[in-house]
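Colleague: Right, I'll just put the structure down here and ask away after.
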Amino acid sequence: MYYSETSGKLMPTEQLDETGKQILDAASRRFLHYGYKKTTMSEIAEDCNMSTGNLYRYFPSKLDIAEKFVAVLRRDHIAKLRTVAEATGKTPAQKLREFFLMKFTLAYERFHDRPKAFELSSSLLHERPKVALEWENAEGRVLAQILREGDREGAFAVVDAAKMAKILQDAAFRFTSPAVFHEGEYDALAAELNGVIDLVLDGFAWRAARQGAAERKKAGENSS
């Protein structure tokens, strides 16, 4: 079961059995076709050829199914971002740009002109805002990894990578959140996002240069 009757808590993704996966597949199809609000537990149960009572043994509510569906999306989403951060032969600046362009592309494909997906996201975030925080924190850890690499290589000057990751996530929010549902065409938004990234990288380069100059000056004073 996905829902533990003994602990009253949702269980990890990896512990889903085939029936749990079937429920998620059926629910996600209904959520994205008919809408989260119009979908009922009895309809999901019928799609899975099970009783509504048995469905409740796996998921205590429709909201729990939606949260689990998003958890699966987040796992795959973070895996794709991690491939960017761990790529070889690329500079930290290239990784930073690709990180945000990947986030943007995934968000655009998931939400743009897809009102049912936007409805699902809005409903879940309203009822369980912790889901957004968990998603943001997971992304932030990957982004902080890129920032630390840039700091080690002297490309960035970052004191607190986790804090800086949060600042950059806020700066790119318009392009990488469900709000992209309301925005314009992909190419225009990608160009605008690239402009934002250019400004960020220029700022990092300036800070790194200033820090390098200060360190060289200090080294010269110590040697004299």
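Colleague: Could you list, in sequence order, all residues of the range 32-42 that are of a type outside the set (Lys, Arg) and exposed (fewer than 15 other Cβ atoms within 10 Å of the Cβ)?
Modeller: His33, Tyr34, Thr40, Ser42
Colleague: Still on this structure, I have one more. Which ranges mark the helices (runs of 4 or more DSSP H) fully within the range 41-121 that have 2 or more residues being closer than 30 Å to Asp202 by Cα?
Modeller: Because the criterion is at least 2 residues that are closer than 30 Å to Asp202 by Cα, the helices (runs of 4 or more DSSP H) in the range 41-121 that meet it are 62-85, 92-111.
Colleague: While we're here: Ala66 passes all but one of (1) touching a Lys or Arg at 6+ places or on another chain (Cβ under 7 Å); (2) under 14 Å from Arg128 (Cβ atoms); (3) not basic (Lys, Arg); which number fails?
Modeller: Against the list (1) touching a Lys or Arg at 6+ places or on another chain (Cβ under 7 Å); (2) under 14 Å from Arg128 (Cβ atoms); (3) not basic (Lys, Arg), Ala66 comes up short only on (1).
Colleague: Looking only at the range 54-62, decide whether some residue is surrounded by fewer than 18 Cβ atoms within 10 Å (Cβ to Cβ) and within 20 Å of the chain's Cα centre (by Cα).
Modeller: No, every residue in the range 54-62 fails to be surrounded by fewer than 18 Cβ atoms within 10 Å (Cβ to Cβ) and within 20 Å of the chain's Cα centre (by Cα).
Colleague: Which is within 13 Å of the chain's Cα centre (by Cα) and either surrounded by 15 or more Cβ atoms within 10 Å (Cβ to Cβ) or of a type outside the set (Lys, Arg) (or both), of Lys116, Lys166?
Modeller: So the residue among Lys116, Lys166 that is within 13 Å of the chain's Cα centre (by Cα) and either surrounded by 15 or more Cβ atoms within 10 Å (Cβ to Cβ) or of a type outside the set (Lys, Arg) (or both) is Lys166.
Colleague: Would you confirm whether any residue within the range 199-207 is basic (Lys, Arg) and modelled with pLDDT under 90?
Modeller: Yes, some residue in the range 199-207 is basic (Lys, Arg) and modelled with pLDDT under 90.
Colleague: Among the residues of the range 126-146, how many are under 16 Å from the mean Cα position of the chain (by Cα), in a helix (DSSP H, G or I) and free of Cβ contacts under 8 Å to residues at least 40 places away in the same chain?
Modeller: 8
The values are calculated or read from the model by the stated rules, or taken from the named source; none is laboratory data. Everything numeric in this text was worked out from a predicted model, so none of it was measured. Note: ideal-geometry Cβ built from the backbone for every residue, glycine included; neighbour counts use all protein chains shown.
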